[in-house]
Structures are given as C-alpha cells and as structure tokens.
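Structure first, commentary second.
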Amino acid sequence: MCIFIFAGFVPFLLLLSIEGSVGRPFYPLPSKNEVKHRKSLQTFRPYNIAHRGSNGELPEETTGAYMRAIEEGADFIETDILATKDGSLICFHDVTLDETTDIAKHKEFANRIKTYEVQGDNVTGWFIVDFTLAELKTLRVKQRYKFRDQKYNGKFSIITFEEFISIALDADRIVGIYPEIKNPVFINQRVKWADGKKFEDKFVETLLKYGYKGAYMSKEWQKQPVFIQSFAPTSLVYISNFTDSPKIFLIDDVTMPTQDTNQSYWDITSDKYLEFIKDYVVGIGPWKDTIVPVENNYLGPPTDLVAKAHAHDLQVHPYTYRNEQTFLHLDFHQDPYEEYSYWINKIGVDGLFTDFTGSLHNYQEWTAPSSKEDDGDASGLLHKIASMISSFKND
Ligand SMILES: *[C@@H]1O[C@H](CO)[C@@H](O)[C@H](O)[C@H]1NC(C)=O
Ligand SMILES: *[C@@H]1O[C@H](CO)[C@@H](O)[C@H](O)[C@H]1NC(C)=O
Ligand SMILES: *[C@@H]1O[C@H](CO)[C@@H](O)[C@H](O)[C@H]1NC(C)=O
C-alpha cells in the first residue's frame with residue numbers, strides 16, 4: 001500500500017522539478033544512468049503504446065508527457081519524427097506549429113507564415129521546415145484540445161529525437177520506443193542534408209547510434225525495444241536495407257491514398273498487398289474505425305482486417321484510444337475499460353495506441369496482471385528515490 005501511495009506522488013514531484021527549470025536539459029546525452037536490473041518489457045499481453053506520451057494529461061510529445069507515460073506503465077512511448085530547416089530530427093506531430101505551440105505570440109516569426117502543398121492539400125501556417133532547431137527551442141508547447149488540462153501549457157519545449165531516446169533509455173525499467181517516419185515525402189521535398197542523405201537515412205542513423213537494432217524479439221531488441229512506423233510504404237521498404245528493427249505499416253482512413261505510392265485503402269489492405277508488405281514489416285497500424293466501421297457513433301459489424309492480417313502473420317496495433325466522451329462510441333457506455341475489453345478480447349489486437357496510458361495499464365493489470373516474481377519493482381523504487389533526491393538537489 002505504502003508503495004502505491006509513494007509511486008503516485010513521484011510524477012508530481014518530477015513535474016514540479018521540470019517546471020522550475022525549463023532552461024536546462026533534463027537528461028544528459030547519451031544516457032548515463034547506471035541501472036543494473038531493469039524490469040524487462042512485458043510481452044505476454046497486448047502492448048500499451050503511449051501515443052505522443054500521456055498526451056491526454058500533458059501537452060503531446062513533451063518530456064512531461066513521456067515521463068508521465070513511463071510512470072503510468074507504458075510498454076512503448078510513441079513519437080512522430082519531423083525535420084527542421086537545419087536538418088535536426090524532432091518530436092512533433094503536425095507539419096505546422098500553429099495548433100500546439102505558442103508561435104502566434106512570437107512577433108519575430110510573424111512573417112514566416114507560408115503555404116505549401118502537403119499530401120495534395122494546400123496548407124497555410126508556420127512550418128517546422130522553415131525553422132532551425134535553435135529557433136524552435138524558443139517556443140513552448142501547449143495542449144491540443146481545449147477540453148484537456150491546460151495547466152502545463154508553456155512549461156515544455158519541443159524535444160529532439162535524441163532527447164526522446166534518452167528519456168526511454170533513462171527509464172527505471174525497459175521501455176520501448178515507437179517513432180514514426182512522419183510525412184517523408186514532404187520532408188524530403190523541403191529539407192536537404194549536406195551529405196546528400198535523406199530523411200529516412202537520418203532517422204535510421206539516429207536509431208543505430210543509440211543501439212536500437214535487431215529483429216523482433218531478438219536479445220538486442222528485448223534490451224532496447226523499438227517499432228519503426230510509417231504511413232509511407234516506400235520508406236519502410238527503403239530502410240529495411242539498413243535496419244532489421246521491426247516495422248509497422250500505418251494505414252489511414254479509407255478515403256486517404258498513401259502519400260508516396262498513391263494507393264487506395266482497399267489496395268493496401270488486400271491479401272495480395274499484405275503478402276508483399278509482410279516481407280518488410282511485422283505488423284500494421286490501422287485507424288480503429290476502419291477495422292470496426294462506425295455509424296451514428298455506434299459500432300457496425302467488424303471487418304475481417306484483423307483476421308486477414310493475422311493470417312499473414314502480421315500484428316495489428318490500431319490507433320487511437322481516448323477516454324473522453326467526445327471520442328468514445330456509445331456502445332461503450334462512456335467507459336474506456338469497456339472499449340479496451342472489446343478491442344483486446346473480442347477483436348484480438350496486439351497493441352493499442354492510447355492517449356491515456358494509465359487507464360490502459362490499470363485495465364490490463366486488473367484483467368491480466370504482470371508477474372510479481374520480477375525483482376524490477378524493488379530496484380525501480382530505489383531508482384525513483386534516487387531521482388527524487390537528485391531533483392531536490394538541482395532546485
Ligand atoms: C495550391 O496552390 C497553388 C498555387 O495557388 C495552386 O496552383 C494549386 O492548384 C493548389 N493546390 C491544391 C491542391 O489546391
Ligand atoms: C536494397 O539493397 C539492394 C542491394 O544493394 C538493392 O538492389 C535494392 O535496390 C535496395 N532496396 C531499396 C528499396 O533501396
Ligand atoms: C492518385 O490516384 C487517383 C486514383 O487513381 C488519381 O485520380 C490521382 O490522379 C492520383 N494522384 C496522383 C498525384 O498521381
């Protein structure tokens with residue numbers, strides 16, 4: 001009991017220390033923390049994938065959101081990788097800064113608004129690709145949705161791919177990473193690297209630099225688990241020459257063609273295509289409403305996509321599970337546990353992208369508890385105590 005109360009307090013103390021020290025990096029690079037016995041990744045139940053961190057609670061893709069997700073039991077922390085004007089890889093979802101930063105308040109950037117074509121649409125805004133990393137670091141991130149907690153707006157800056165990796169490597173147990181090669185067609189059009197390499201090369205180089213390698217479930221993988229994800233099949237096929245890390249092919253809404261090969265949803269979910277792509281990926285990541293189509297906010301009959309993928313030995317990691325009323329379909333009686341139960345027990349998915357890692361973790365610990373034999377918990381607690389003490393020292 002004591003442990004539960006104590007563990008509950010840690011995130012808040014850590015968050016307080018973050019708020020008080022926005023200017024300095026929170027983690028040394030590369031990871032210097034010596035943790036001898038780190039609890040291993042659970043692999044006996046569907047993966048809890050913290051979508052942009054615990055972004056249901058803290059602004060997405062920030063140190064705070066990722067640390068919170070780790071405290072709450074994420075198996076993987078998920079991120080979208082984009083590139084800056086000067087070629088740095090950063091964690092950010094949109095190609096524009098408008099929705100989730102305070103860019104509009106920065107008068108010095110007022111003349112930087114542009115219009116570019118992105119996946120067939122003309123988009124106007126402040127584009128990541130027009131800013132250097134140093135410029136982006138002067139911005140502060142905010143919550144995307146008005147109905148979520150606004151308390152942490154302005155407390156966190158944009159982080160790099162390397163900073164994200166160090167958060168995972170510094171965790172008190174083994175936590176996987178799940179980075180996306182985001183908008184590769186657009187990024188390769190707009191960002192050029194001096195060595196002539198492209199976005200996908202830089203992405204893989206970063207993973208290799210920090211030791212992410214090895215096939216799914218290999219010893220190397222279990223030490224530093226990673227899933228590489230992309231909506232662009234060409235990128236996944238291309239990088240398979242440079243890394244054997246497991247890859248997940250993301251699948252968009254039925255109306256969206258692929259950004260690189262202009263293939264339809266029906267084409268890329270056909271048996272023929274799954275048979276082709278399975279040589280390069282270990283699974284697919286479809287939007288959940290395409291697996292079980294929704295009408296008038298009620299679920300319709302499930303499609304056979306999960307059965308088809310499993311028949312091709314592909315995992316299925318759908319996105320995105322969100323607790324709020326505005327996202328929960330009426331079948332679930334406003335109860336996110338009912339939604340998790342449906343997808344895990346009835347549809348049989350292998351991983352879930354969620355904005356509320358804590359809820360998914362609690363549900364899974366309740367219905368499929370992890371082994372108590374692992375001594376990781378005890379050493380994890382000691383590490384938490386050490387982190388607390390060092391955070392006090394720094395203040
Ligand atoms: C985007 O804007 C350009 C320039 O105005 C125009 O030529 C092009 O047709 C537009 N594209 C789309 C998809 O609307
Ligand atoms: C992978 O490497 C092989 C051998 O060098 C080459 O023939 C092939 O085109 C490469 N594949 C991609 C997708 O670049
Ligand atoms: C993509 O495919 C659609 C449907 O086949 C076609 O109408 C459209 O012109 C294609 N777009 C591009 C950019 O090739």
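The values are calculated or read from the model by the stated rules, or taken from the named source; none is laboratory data. Nothing here was measured: the structure is a model prediction, and the numbers come from that model. Note that each Cβ is placed from the backbone with ideal geometry, even for glycine, and that neighbours are counted across all protein chains shown.
For the stretch 109-125, does any single residue satisfy the condition of being closer than 18 Å to residue 162 by Cα and touching a Leu at 6+ places or on another chain (Cβ under 9 Å)?
Scanning the stretch 109-125 turns up no residue that is closer than 18 Å to residue 162 by Cα and touching a Leu at 6+ places or on another chain (Cβ under 9 Å).
Among the candidates 303, 261, 269, which residue alone is in contact with a Leu (Cβ under 9 Å, 6 or more places away or on another chain), polar (S, T, N, Q) and more than 16 Å from ligand 1 (Cβ to nearest atom)?
Checking each option against the conditions leaves just 269.
Within the stretch 88-98, does at least one residue satisfy the condition of being small (Gly, Ala, Ser) and without any contact (Cβ under 8 Å) to a residue 24 or more places away in the chain?
no
Hey, residue 44 hits all of (1) surrounded by fewer than 24 Cβ atoms within 10 Å (Cβ to Cβ); (2) among the hydrophobic types (A, V, I, L, M, F, W, C); (3) in contact with a helix residue (DSSP H, G or I) (Cβ under 8 Å, 6 or more places away or on another chain); (4) modelled with pLDDT of 95 or more but one; which does it fall short on?
The failed condition is (3).
Is there any pair linking a residue in the stretch 110-130 that is modelled with pLDDT of 95 or more to one that is within 16 Å of ligand 3 (Cβ to nearest atom) and part of a loop (DSSP other than H, G, I, E, B), with Cβ under 8 Å and at least six apart or on different chains, and which?
118/183
Which residues, counting only those in the stretch 92-122, are within 16 Å of ligand 1 (Cβ to nearest atom), among the β-branched types (Val, Ile, Thr) and closer than 24 Å to residue 179 by Cα?
Scanning the stretch 92-122 gives 95, 96, 118.
For the stretch 148-161, what are the residues that are assigned to a loop (DSSP other than H, G, I, E, B) and either buried (at least 17 other Cβ atoms within 10 Å of the Cβ) or touching a residue at least 12 places away in the same chain (Cβ under 8 Å) (or both)?
148, 149, 152, 153, 154, 155, 157, 158, 159, listed by residue number.
Mind checking which strands (runs of 3 or more DSSP E) fall wholly inside the stretch 51-147 and carry at least 3 residues that are within 16 Å of ligand 2 (Cβ to nearest atom), touching a helix residue (DSSP H, G or I) at 6+ places or on another chain (Cβ under 7 Å) and among the aromatic types (Phe, Trp, Tyr)?
none
Restricting attention to the stretch 35-60, which residues are of a type in the set (Ser, Thr, Tyr) and touching a Gly at 6+ places or on another chain (Cβ under 8 Å)?
40, 47, 54
Could you look through the stretch 85-102, keep only residues that are crowded, with 23+ Cβ neighbours inside 10 Å and of a type in the set (Val, Ile, Thr), and pick out the one that is nearest to residue 139 (Cα to Cα)?
Filtering the stretch 85-102 for residues that are crowded, with 23+ Cβ neighbours inside 10 Å and of a type in the set (Val, Ile, Thr), the one nearest to residue 139 (Cα to Cα) comes out as 101.
Check whether at least one residue in the stretch 247-258 is under 23 Å from the mean Cα position of the chain (by Cα), surrounded by 19 or more Cβ atoms within 10 Å (Cβ to Cβ) and within 16 Å of ligand 3 (Cβ to nearest atom), and report yes or no.
Yes, that holds for at least one residue.
Can you tell me which residue within the stretch 223-244, out of those that are away from ligand 2 (no atom under 16 Å from the Cβ) and either under 18 Å from the mean Cα position of the chain (by Cα) or aliphatic (A, V, I, L, M) (or both), is farthest from residue 264 (Cα to Cα)?
This residue is 224.
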